[in-house]
Amino acid sequence: MMSLMAIACLTMQAQTQKEVKVLAQCDAYFLDACPDATIDKKTKKKTIVWKDTENNSWHEDMGFVKDVPTINNLASIFPNFSNDEVSSFLPIVWRLTEENDETVLHCYFRMPADIVNNLWLCSDECVILDKETGTIYQSRRTNPDCYGKVFSVKAKEGTILDFQIFFPKLPETVKNIAIYGVPNWYMWGMDVDLHRGIGHFWEDYRGQYNYDEMAPIHKAHLVSEAKDYDKDNYKTWAVYNDAHLIKPVEDGTYAIWLTPEATYLAEACEMNWMREYFKGMVNSILIDHRGHQYKCKEVLGYPNDKLFWVEGYTGDYFAIVMVFEPIPLETEDITYIVPEGEPFAMWGANWSGKIQNFNIQELRDNQKLFKYHPREVVK
């Protein structure tokens, strides 16, 4: 009897697993830095108040939910996921499946502390839109039962929670959808292409929502330091050579790298003479569509608040790389503003302001244009 039961259980598991179809998934999305935790002096337990729903007071707070589904580790589902990511940032990954005649959105959450308060999953606003027909598929319920309510969870730090949202089964004809109403997973109209029946990664978004690895920048050589710096006396400016050279590019070419710690914006500069002056971008800012401002913290290898000289060959192209505060990964467009500079005494001095609108993905595609390219001179 025990043998028969074991065989029956294995068969049921196989059937259950066979019924699960992966429609889409994303393994490369990260939130901003995790909120700071408080530590109980007696229990040593860490508690975090989730910041993204701190103004959700009009919904009922149901307190702690129990029996939240978990998984052993994210790598078991997402082969490209690394548990070695920056610990102060949280992976926000999800999977859309077809299970038992329903569509299920699995929202995975790695516990950043022993207790997380003020969490929010979804409500009636959570729907799946068929972008071809306009048909809306309404969310039905959640597991655990936290539908339309603020809640808290307790689990060992690092535990992977599997929050599940259930929808009606999507017809086989549905190919392109948008998911709404899951704010902590940045789903407020997120476009998704469905790949039915296979564990296919969401290629369109993996590149967009994955952090960049900042390319090595060849640091310029300081020839002479600034002495008694005076913006109106060019002889007091610092001098640099051996800059980060690149291949010739079109005028006004930029590239961007998004990392957890900073946003790197590279500008291509052309040497029209063997010695040209430049100025740091200390007052420059990036502004996103919400009006959030991101300040320039430094310029790699050069002064950020003074005029300076760069020496090289006429016809050189080189990169000046500015370091801004990190911008959210979901940002699609950014405005780059350089205020008008203070006048200074120099032939041809012109420091007018600059406003440029950039598409983030286009600038990320430009990264390849900023690889170091040693100078070659034929005499």
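Neighbours of MET322 by Cβ distance under 13 Å: Lys/Arg scored +1, Asp/Glu scored -1, total 0.
Identify the residues of region 266-280 with backbone N under 20 Å of a label point that sits 7 angstrom from the Cα of ASN241 along the Cα-to-Cβ direction, or state none. Counting only backbone N, you get 269-279. Within the same chain, aspartates and glutamates fewer than 8 places from LYS219 are excluded, and of the rest, those with a Cα less than 13 Å from its Cα are ASP242.
Given LYS66/LYS154; LYS66/LYS156; LYS306/LYS368; LYS21/LYS131, which pairs have Cα atoms separated by over 18 Å? Long pairs (Cα-Cα over 18 Å): LYS306/LYS368; LYS21/LYS131. Each Lys or Arg adds one and each Asp or Glu takes one away; over the other residues whose Cβ falls under 15 Å from the Cβ of ASP333, this sums to -3. Here the convex hull built on the C-alpha positions of region 103-151 has a volume of 95 cubic angstrom per residue.
Each of the peptides 307-319, 238-250 was scored by the mean count of other Cβ atoms within 10 Å over its residues; in descending order, highest first, they stand as 307-319, 238-250.
Between ASP124 and GLU172, full extension at 0.36 nm per residue minus the direct alpha carbon distance yields a gain of 14.9 nm. Take region 108-161 with all the other protein chains still there, run a 1.4 Å probe, and you get 42 Å² of accessible area per residue. Residue order by solvent-accessible surface for VAL153, VAL377 is VAL377, VAL153, largest first, with ligands and nucleic acids left out and a 1.4 Å probe.
In this structure THR97 has an accessible area near 0 Å², from a 1.4 Å probe over the protein heavy atoms. Rolling a 1.4 Å probe across all protein chains gives LYS297 an accessible area of roughly 110 Å². Per residue, region 251-364 exposes an accessible area of 47 Å² to a 1.4 Å probe, with every protein chain left in place. Residue by residue, region 239-254 carries 3J(HN,Hα) couplings of 10, 10, 9, 6, 6, 6, 6, 9, 5, x, 9, 5, 4, x, 7, 10 Hz when phi is fed to the Karplus relation 6.51 cos²θ - 1.76 cosθ + 1.60 (θ = phi - 60°); x denotes Gly or Pro. When GLU267, GLU60 are compared by accessible surface with a 1.4 Å probe, the order from highest to lowest is GLU60, GLU267.
Accessible area per residue (1.4 Å probe, heavy atoms of protein chains only) ranks LYS279, LYS295 as LYS295, LYS279, with the largest value leading.
For region 222-379, rounded, prolate or oblate, judged on the Cα gyration tensor with a ≥ b ≥ c (square roots of eigenvalues), a/c < 1.5 rounded, else prolate if a/b > b/c? Verdict is oblate for region 222-379.
The values are calculated or read from the model by the stated rules, or taken from the named source; none is laboratory data. As the structure is a computational prediction, the values presented were derived from the model and not from experiment. Counting neighbours? That spans all protein chains shown, and the Cβs are built from the backbone with ideal geometry, glycine included. Remember, those area values only see protein heavy atoms, side chains included, never the ligands or the DNA or RNA. Shrake-Rupley method; radii C 1.70, N 1.55, O 1.52, S 1.80 Å.
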